[in-house]
Amino acid sequence: MSVLVLMEDGGPSRQTLTLARKFGEPRSVRIDAILPFAPDALATALAQAADEHEASAVFAAGTERGNEVMARLAARMDLPFAANCIAATPGDPVEVTRLRWGGSLLEEARLHSARPLITVAPHTVAADDGPVPPEVDLHHPHDRDMTVRVSDHVEPSSAGVSLAAAKVIVSGGRGVGSKEGFAIIEELAALLGAAVGCSRAVTSAGWRPHTDQVGQTGTKVAPEVYIACGISGATQHMAGLKGAKRIVAINSDPQAPLMLNADYTVTGDLKEIVPAISAEIRRRR
Amino acid sequence: MRIAACIKRVPITGGRILLTDDARAINTQHLGFTMSPHEECGVEEAVRLIEANKGDSVVLTLGPSEAVEQLRDAMALGIDRAIHLQTDGQEWDAEATAGALLEAIRADESANGPFDIIFFGNESADSGGFQVGIRVAYGLGRPCVTGLKKVTLEGSQVRCEQQVEGGRDVYVVPLPAVLTVKEGLNLPRYPSVPGKMRARSKPVAVVTPSRPAPRLELVKLAVPAGQGRRAESLGSGAAAAQAVVEMLQKAGVL
């Protein structure tokens, strides 16, 4: 039996292979097989390939593109689709465990489908180090499937350190108090060569742009050190911190969820503590 | 111009998620509810488009009777009317949700004409299925662009910017279209007091679709283990600054 895997470059697709192999001998379709990226055309190509190779299942990485193409394949083939799984066991029904709430909750579910469609949540499963599965031949895309296609690319406008790639992030929450209150956060970030982040409460209040937001509906970050100032630590925020190596929480409430989920804590008023840290760094230079 | 926005009622989970005794749902006894964040931006965008171009805006949700609160919230922001696909509180999977929404949209369109744009959130905050908007688009045979951070009308087309690593990809598709959006698309306004007053008298049409057997069937939920870290206190107040800097040096970032 064969399974079809939509492959991208990088780790998440290798992790996807680990689960896919449990369902059969993998064959692959590259996500850049049709250029420019045209998700309907790719879904059509996957559907044809799945039929021609009698694929028992179709897998993709749970990336934005992977989930998108798989949802289109599901809509096209009139099949259910389980997104962001961390485990899958073949059978009738297929048993899956998948992420909810950006990973703050796990769902065990049964997938009732003759051809399960599954994406694998990135960085939740060990990577497969076997051979890259052979690519299947695809049909030339039909014009009607090329209506939705990438026609241009815009570079990011923001200067400074990118949140997703930052080694250090100094982040502020509701406790910072105002737009102006972020001056001390920015000062510390500049001294550390760090990016400035914030919680959803801050962007909703209009104090910072959404591009600074860390969390489930913001950016997911993976710094060496994450310094959270005046952030309570709602699940919305914590869902963006799963890749952070060390979390430092500065908060006046020692029972705040982030204080309980940090590696290091400082209790007290961030308006005194943050400038004191900046001053200490300057003193040592 | 006619615009629709589809939303989902979700609990505000706070710091720690507690489950019901049968572990099939979140214990919401002490929780408030809101509309899922991406969808709030879809609603705001719908209101802005109708303010600029005139016409009719509709908000739809599938959810329990209490979900009328989120429909009223959307109407307080400026949406004209609502369609409530009322459930008995049981969870519907994404496929069934899309099927019921598709039917409700078709019924409204056959009476009032097609929606130029139907907004969805890219994924719901709770179940995160990444598929309801796409399924509805396929059902209607319309182009669908996902994960949008910017939407600009250009005559009979819409220009869409999708966030990707290293910038944004641009798509231009003809109307009518289905667009799934992400938080950051805009900054949703706060509802005004007159807005809230007006929302009370705006029409809410109720339909009660029957729930098909889910093909993605929830068995139970679990809170992942190992979330709590053992925090080391570096002290309190400004006096802790020295310990923080030493920790940063040890971590090799200073």
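The values are calculated or read from the model by the stated rules, or taken from the named source; none is laboratory data. Nothing here was measured: the structure is a model prediction, and the numbers come from that model. Positions of Cβ are generated from backbone atoms using ideal geometry, with glycine treated the same way; all protein chains shown enter the neighbour counts.
Among residues of region A:150-167 being in contact with a Pro (Cβ under 6 Å, 6 or more places away or on another chain) and surrounded by fewer than 22 Cβ atoms within 10 Å (Cβ to Cβ), the one that is nearest to A:ALA262 (Cα to Cα) is A:LYS167. Test A:THR211 against the criterion of being within 9 Å of chain B (Cβ to nearest Cβ), under 25 Å from A:LYS179 (Cβ atoms) and touching a His at 6+ places or on another chain (Cβ under 7 Å), and give yes or no. Answer is no for this residue.
Beta carbons closer than 9 Å, at least 6 apart along the sequence or on distinct chains, pair a first residue in region B:178-207 that is at positive phi with a second that is surrounded by 14 or more Cβ atoms within 10 Å (Cβ to Cβ) and among the basic types (Lys, Arg) for B:GLY184/B:LYS149.
Scanning region B:86-142 for residues being more than 9 Å from every other protein chain (Cβ to nearest Cβ), in contact (Cβ under 8 Å) with a residue 40 or more places away in the chain and β-branched (Val, Ile, Thr) gives a total of 4.
Counting residues in region B:170-193 that are part of a helix (DSSP H, G or I), in contact with a helix residue (DSSP H, G or I) (Cβ under 7 Å, 6 or more places away or on another chain) and either facing another protein chain (nearest Cβ under 7 Å) or closer than 25 Å to B:GLY63 by Cβ (or both) gives zero.
Is it the case that some residue within region A:156-175 is farther than 30 Å from A:ARG283 by Cα, among the polar types (S, T, N, Q) and in contact with a helix residue (DSSP H, G or I) (Cβ under 8 Å, 6 or more places away or on another chain)? Yes, some residue in region A:156-175 is farther than 30 Å from A:ARG283 by Cα, among the polar types (S, T, N, Q) and in contact with a helix residue (DSSP H, G or I) (Cβ under 8 Å, 6 or more places away or on another chain). B:GLN29 passes every criterion in (1) more than 29 Å from B:GLY155 (Cα to Cα); (2) of a type in the set (S, T, N, Q); (3) touching a residue at least 12 places away in the same chain (Cβ under 8 Å); (4) away from chain A (no Cβ under 14 Å) apart from (3). On the stretch given as region A:225-262, residues that are more than 7 Å from chain B (Cβ to nearest Cβ) and among the polar types (S, T, N, Q) total 4. Screening region B:1-89 for strands (runs of 3 or more DSSP E) wholly inside it with 1 or more residues that are within 16 Å of B:LEU179 (Cβ to Cβ) and under 19 Å from the mean Cα position of the chain (by Cα) returns the ranges B:2-7, B:56-63. The single residue among A:ALA82, A:ALA38, A:ALA87, A:ALA47 that is among the hydrophobic types (A, V, I, L, M, F, W, C), surrounded by 23 or more Cβ atoms within 10 Å (Cβ to Cβ) and not assigned by TED's automatic domain parsing to the domain that holds A:LEU258 turns out to be A:ALA82.
Among the residues of region B:212-251, write down those that are closer than 26 Å to A:ALA166 by Cα and more than 7 Å from every other protein chain (Cβ to nearest Cβ). Residues satisfying the conditions are B:GLY226, B:ARG230, B:ALA243, B:GLU246, B:GLN249, B:LYS250. Within region A:20-28, can one find any residue that is at the interface with chain B (Cβ under 8 Å from one of its Cβ atoms), touching a residue at least 60 places away in the same chain (Cβ under 8 Å) and buried (at least 21 other Cβ atoms within 10 Å of the Cβ)? Among the residues of region A:20-28, not one is at the interface with chain B (Cβ under 8 Å from one of its Cβ atoms), touching a residue at least 60 places away in the same chain (Cβ under 8 Å) and buried (at least 21 other Cβ atoms within 10 Å of the Cβ), which makes the answer no.
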